[in-house]
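Working notes for the structure below.
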Amino acid sequence: MPDDEPDTEDDPDAGEDFQPAPMRPGTFLVPLSRLGEWEHHPRRGSRFFGRHEKPLLLSAADPASMAEIVVLPAVDGIHPIVDGRFRWAAIREVNSGNEDVPVRCILFDGDEKAAVVAMCDTALGTIGVSAIEQAQALLSLTRTNGVGRTAIANHYPGLTVSKVSNMLIAAEIRAAFPALFDILHEPDRAPISYGVELNKVRKAMGNAFQAVLDRAADLAANGERCRPAEAFDFLQIDRVVDPDAPEPTAARPKPIVPIESEPILGHDDQPVGAYERLADNVDRIRLPDVSGMSLAEREIAADACIGQVLRHFGLAERD
């Protein structure tokens, strides 16, 4: 080993000091108290931490070393956060009681309408974003930019006008009646069908629906939670069956040709499988043929595929 090469096995402190993220042109400092969640963010109302909580909190101890948070111009003295809400939450957690701590920020290159479009494109093109979060992105797009359902369906592969309509309904229900989602164990992972069914109940019950809202608020305040499949019983909602409704017909098998495919990389960035988005907006993992693999190769492939499963369910680090 050359003399100038550090022996990291004998000296764990050998090597260069950690360098903070470089400053970008246009970076400015904003007191923590002047940052806030953006009302049009796809993940508004979602959790702030997952498996990446501990390392993120460690980094947040020195906000000056973290990459810039992308913000919009201040409204009533508060900069809405377009990108970086996880970092913002970590800085708040670590610096509780110090609202004046400076945070590195940079302005979004465009107005709020452009920011909504950019975040919507990101949400609809990111596997880690849940269905209800994608729906919230579409709702912001319709409210700020006036984009219609047909235009949305034509722009994003895998969506139809019917799917867009259901996503917008679910997002509107969550925005209007958050307590109905707060009773779930994972509100930010609620299925679109949950919001659609609640909307049907709301229309059928009329003014009596207020009793359901009051019950949901009480349950949420008491910390009681349930799964979406249990929510109707939890809220004491009677399911009404229309006796004149036609018998459901068996659905035709849908095509399984993926419209998007991302390789799952193993050792030396070699593909060991694929993460695919199907035409019906459902994701699947295509596993490799293990018949010709050694035990070591199987272990590497398994670790890579398991990691992809964790990312799919939001259990791996994401920002």
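Structure summary
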{"read-out": "Stretchable slack from LYS54 to LEU107, in nm (0.36 nm times residue separation minus alpha-carbon distance)", "value": "16.3 nm"}
{"read-out": "Separation in nanometres of the label points that stand 7 Å from Cα toward Cβ, at ARG225 and ARG24", "value": "3.4"}
{"read-out": "For GLU260, distant residues with modelled amide H under 5 Å away", "value": "ARG277"}
{"read-out": "Additional length obtainable on full extension of the chain from SER294 to SER162, 0.36 nm per residue less Cα span", "value": "42.8 nm"}
{"read-out": "Relative contact order (%) - criterion: Cα under 8 Å, at least six apart; region: region 34-189", "value": "23"}
{"read-out": "Where labels lie 7 Å past Cα in the beta-carbon direction, separation of LEU315 and GLU39 in nm", "value": "3.7"}
{"read-out": "Sequence of ASP233, ASP182 from largest to smallest accessible area, 1.4 Å probe", "value": "ASP233, ASP182"}
{"read-out": "Integer Hz, Karplus 6.51/-1.76/1.60 couplings in order for region 170-176, x for Gly and Pro", "value": "4, 5, 5, 5, 5, 5, 7"}
{"read-out": "Surface accessible to a 1.4 Å probe, per residue, for the residues of region 103-251, Å²", "value": "52"}
{"read-out": "Backbone N under 20 Å from the SER261 label point (7 Å along Cα→Cβ), restricted to region 123-148", "value": "125-128"}
{"read-out": "Distant-in-sequence amide H partners of LEU265 (H built 1.01 Å from N, under 5 Å)", "value": "VAL272"}
{"read-out": "Cleavage-rule hits, GluC sites (Glu not before Pro), region 149-241, DSSP coil, Cβ neighbours within 10 Å at most 15", "value": "GLU224"}
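The values are calculated or read from the model by the stated rules, or taken from the named source; none is laboratory data. Since this is a predicted model, take the numbers as computed values, not measurements. Glycine gets a Cβ as well: all are built from the backbone with ideal geometry, and neighbour counts include every protein chain shown. Heads up: the accessible areas ignore ligands, DNA and RNA and are worked out on the full protein's heavy atoms, side chains in. Shrake-Rupley method; radii C 1.70, N 1.55, O 1.52, S 1.80 Å.
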